[in-house]
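To start, the structure under review is shown below, and the notes come after it.
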Amino acid sequence: MFDRFAVYEPQMRSILRIVTGLLFLQHGTQKFFSFPDASKPAVDFASLMGLAGAIEFIGGILFIIGLFTRPVAFIAAGFTAVAYWMAHAPQSLYPILNQGELAILYCFVFLYFVTAGPGPWSIDKR
């Protein structure tokens, strides 16, 4: 019954890429511009958090438009894995307790895009 939905897989891959990029971009805007939460101060560009913000901000934009999708996804997957092991894993073994579920999910979604590509709605496909 669900096989008939398989024809929409390429378009859904593009939608997943765009939504993932928009969500990832928010982490960068939060670090650089204190947006959308103005109560959190912007980070120093010349710091580890500044590097993280650059990956999130620039990578998010490139991922949304589908430019250099596979290399960006590879870098972002590595970045989110490192973020998990540096920031979350030391707090607890369990992701539900260390609040690392999002980092793990991002890592595997980005790994998916390394192998699957951006989908038809991308600059890479033009």
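None of the figures in this text is laboratory data; all of them are computed from the coordinates on show. This structure is a prediction, so every number in the text was calculated from the model and none was measured. A quick note on method: Cβ atoms are made from the backbone with ideal geometry, for glycine too, and the neighbour counts reach across all protein chains shown.
Quick check on region 97-105. Is at least one of its residues over 25 Å from Trp121 (Cα atoms), surrounded by 12 or more Cβ atoms within 10 Å (Cβ to Cβ) and of a type in the set (Val, Ile, Thr)? Checking region 97-105: at least one residue is over 25 Å from Trp121 (Cα atoms), surrounded by 12 or more Cβ atoms within 10 Å (Cβ to Cβ) and of a type in the set (Val, Ile, Thr). For Val114, the conditions (1) touching a residue at least 40 places away in the same chain (Cβ under 8 Å); (2) not in a helix (DSSP H, G or I) are fulfilled apart from (2).
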